[in-house]
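Q: Provided herewith is a single structure, encoded as structure tokens, for subsequent inquiry.
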Amino acid sequence: DLRAHAPRLALNHAKSLVDRGQIPAGRELLDLAEQALRQTGDLTNIANAIVARGMLERAQGRYKAALACAGEAQAVLAAAPGERYRWLQAERLRGFCLGMQDQPEEALAALQRAAAGFRQLAEAAAESNVPLTLFHDLAETLGDLGVVFFRDGQLLEAQKSVLEALQLRRTIRTNLIALAVALNNAGYLHCQAGEYKKAWLLFEEALILG
């Protein structure tokens, strides 16, 4: 299979398929990419593939399996201590899965650690062109924080996290689907707080984006 000769491209394509909900095709391509990457010894991209597998498991509600992937990725990266970005992605995955398994204290600590790490990476790159992926990862982590805070009954903290994620999405505007999701999330929490006018305005904005 020629795709095995370009495993990083295959991995990126697999991620794209999963994001679009094409789970079987994404899993097949991910299997191929991960196998090829393991043969290269490229620890950063091996961890990248493992985190991608974890996100696929997460998307299907298999939180225990996803949590195992997060742990495996961080174990791989222990031999590559300078690779902070992929470690933070694994930590975000770990935190969310812990939250879905009703371990809020450890989940929130992990997600806050991931958010702080993504902020630090963005600040360190501020004098140059900050990769938009850092803002994407930070926004996604803040959204996950909002979910776990809400599940733990901390509505105010959930709103703070989700509204910060929304602000980031409005600033970068590179993914209108993600922006619509952030608008809906913020609107839902306004509803839970009895702030119906604010919620309605956000829901309307999301509908306009389609």
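Q: How about segment 111-168: which of its residues are without any contact (Cβ under 8 Å) to a residue 24 or more places away in the chain and not in a helix (DSSP H, G or I)?
A: ALA125, ALA126, GLU127, SER128, ASN129, VAL130, PRO131, GLY153, GLN154
Q: Pick out the one residue from ALA6, ALA49 that is open to solvent by less than 10 Å² (accessible area, probe 1.4 Å) and out of contact with any His (no Cβ under 6 Å at 6 or more places or on another chain). Before the answer, list the steps.
A: Details: ALA6 fails: open to solvent by less than 10 Å² (accessible area, probe 1.4 Å).
Within the list ALA6, ALA49, the selection yields ALA49.
Q: If we scan segment 2-18, do we find a residue that is modelled with pLDDT of 90 or more, among the small types (Gly, Ala, Ser) and over 27 Å from LEU176 (Cα atoms)?
A: No.
Q: So which of ALA165, ALA199, ALA182, ALA193 ends up being more than 23 Å from the chain's Cα centre (by Cα) and buried (at least 19 other Cβ atoms within 10 Å of the Cβ)?
A: Working: ALA165 fails: more than 23 Å from the chain's Cα centre (by Cα); ALA182 fails: more than 23 Å from the chain's Cα centre (by Cα); ALA193 fails: buried (at least 19 other Cβ atoms within 10 Å of the Cβ).
Being more than 23 Å from the chain's Cα centre (by Cα) and buried (at least 19 other Cβ atoms within 10 Å of the Cβ) holds for just one of ALA165, ALA199, ALA182, ALA193, which is ALA199.
The values are calculated or read from the model by the stated rules, or taken from the named source; none is laboratory data. Predicted model only: the values in this text are computed from it and were never measured. Quick reminder, even Gly has a Cβ in these numbers, built from the backbone with ideal geometry, and neighbours come from all protein chains shown. For accessibility, only protein heavy atoms count, side chains too; no ligands or nucleic acids. Shrake-Rupley method; radii C 1.70, N 1.55, O 1.52, S 1.80 Å.
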